[in-house]
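Participant: Below are the C-alpha cells for one structure; questions will follow.
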Amino acid sequence: MPYLDNRARCEAEWVKENVEPVWLEESGNCIVDEFMPSSTVKMTLRRSLLHSSNSAMKKLPTSANQKKSEARKEKQEAVRPAKNSFEDMMTKNPLKKPAIDDLPAFWSPLSDEDITVLRKRNSRRRFDLSMIHSVAARCSYSFPQVLVCRPHRRGGAPFPTMFWLTCPFLDRKCGELESLQKIRELEELFRARQAEVSLWHEKYALLRKSISLKDIDMPTGVGGINWHDAPYAVKCLHLQVATWLGWRYHPAEDWLKEQLEVTECACGICGKRDDGQ
C-alpha cells in the first residue's frame with residue numbers, strides 16, 4: 001500500500017494479523033491484501049483474541065511524527081504556569097485592555113433626526129457639526145447620548161475631548177453628583193487603580209489619533225488630561241460618563257454604575273415638542 005503513510009500501514013498490518021473478513025456478498029475486487037471494501041466486508045476479531053486473558057487490543061506502533069508531537073506537548077505542559085487559585089483571582093484587580101485595532105462597531109453615523117435633536121439641545125451655544133465624527137451611545141429611545149468628536153476644530157485648533165455628553169438627563173445627573181463632592185471620591189478610586197487608569201489614558205490617545213483627519217498626535221489622555229503629571233485627575237463627571245458610555249470601557253465602571261443607577265430618563269423627553277406633546 002504505497003499510498004498510505006506509516007501510521008496507516010501499521011494499522012493495516014494489525015488488521016491482517018488480528019481480524020478476519022466475513023463476506024456478506026460477492027465483489028469483484030475483494031482481495032484482502034490489496035483492498036478492503038467497507039460495503040461488502042464485516043470485520044470480526046479472531047477467536048484467539050476474544051478468549052485471550054488480555055481483553056485490550058494490542059497497542060499500535062507509534063510513528064516518529066506522533067512521538068515528536070507527544071514530546072512537544074509534554075514540554076509545553078512542563079513550562080506552563082500554574083493556574084491562580086480562586087482567592088488569588090478575587091484579590092487581584094484584572095487589567096481590562098480595550099481593543100483599538102478597529103473603531104467600535106456600536107458607533108453609528110449622524111442622521112438628519114440626530115441633527116435636529118442636537119440643534120434643539122444646543123440652541124444657546126455654538127454647535128459645530130463638522131467636529132462630530134459619529135454617535136457613540138444612544139438611549140433606548142434612539143436619541144444620541146454621547147457624540148464622538150474629531151480631535152481638531154474647523155480652524156485646525158486641537159480638541160482633545162473625544163467623547164461629548166449630550167444627554168440632558170445625564171448632564172443634570174452628573175451636575176448633581178459633582179455637588180455632592182463625588183469628584184474627590186473618584187480621584188481616590190483612580191489612585192487605587194493607577195495601572196489601569198494609565199493604560200486607559202494611553203489607549204484613549206491612540207483611539208483619538210485613529211479618527212483624526214490630520215494625524216494629530218496629542219500628548220494628553222482622556223479629555224486633555226496630562227496623566228503623567230496628574231495621574232489621578234478626573235476633570236469632571238460629564239467627561240467620565242461620556243467616555244464610559246462612548247467607549248464602553250472605564251477603569252471605574254463599577255463606581256459609575258453605582259452612582260448613576262440609571263443612564264436614561266423614563267419618558268424620552270428629547271422626543272417631545274415644546275408644547276409637551
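Participant: Give the residues of the range 115-128 that are surrounded by 10 or more Cβ atoms within 10 Å (Cβ to Cβ) and within 26 Å of Lys214 (Cα to Cα), sorted by residue number.
Facilitator: The answer is Ile115, Leu118, Phe127, Asp128.
Participant: OK, next. List the number of the failed condition for Gly268; all other conditions in (1) over 23 Å from Ile115 (Cα atoms); (2) surrounded by fewer than 18 Cβ atoms within 10 Å (Cβ to Cβ) hold.
Facilitator: (1)
Participant: Scan the range 161-206 for residues that are part of a helix (DSSP H, G or I), in contact (Cβ under 8 Å) with a residue 40 or more places away in the chain, more than 21 Å from Glu258 (Cβ to Cβ) and within 26 Å of the chain's Cα centre (by Cα) and jot them down.
Facilitator: Scanning the range 161-206 gives Ala195, Leu199, Lys203, Tyr204, Leu206.
Participant: So, in the range 88-119, how many residues would count as being modelled with pLDDT under 50, in a helix (DSSP H, G or I) and not hydrophobic (A, V, I, L, M, F, W, C)? Let's see the steps before the verdict.
Facilitator: Just the residues of the range 88-119 that are modelled with pLDDT under 50, to begin with: 88-101.
Pick out the ones that are also in a helix (DSSP H, G or I) and you get 88-91.
So of that shortlist, the ones also not hydrophobic (A, V, I, L, M, F, W, C) come out as 88, 91.
Residues that pass the stated criteria total 2.
Participant: Write out, first by first residue and then by second, each pair whose Cβ atoms fall under 9 Å of each other, whose residues are 6+ apart or on separate chains, and whose first residue, in the range 254-271, is free of Cβ contacts under 8 Å to residues at least 60 places away in the same chain and charged (D, E, K, R) while the second is assigned to a loop (DSSP other than H, G, I, E, B) and surrounded by 12 or more Cβ atoms within 10 Å (Cβ to Cβ).
Facilitator: If the second residue must be assigned to a loop (DSSP other than H, G, I, E, B) and surrounded by 12 or more Cβ atoms within 10 Å (Cβ to Cβ), the pairs left are Lys257/Thr263.
Participant: Name, by its number, the condition in (1) basic (Lys, Arg); (2) over 18 Å from Trp227 (Cα atoms); (3) touching a residue at least 60 places away in the same chain (Cβ under 8 Å) that does not hold for Arg138.
Facilitator: (3)
The values are calculated or read from the model by the stated rules, or taken from the named source; none is laboratory data. For clarity, every value in this text was computed on a predicted model and none was experimentally measured. Here Cβ is always computed from backbone atoms with ideal geometry, including for glycine, and neighbour counts include all displayed protein chains.
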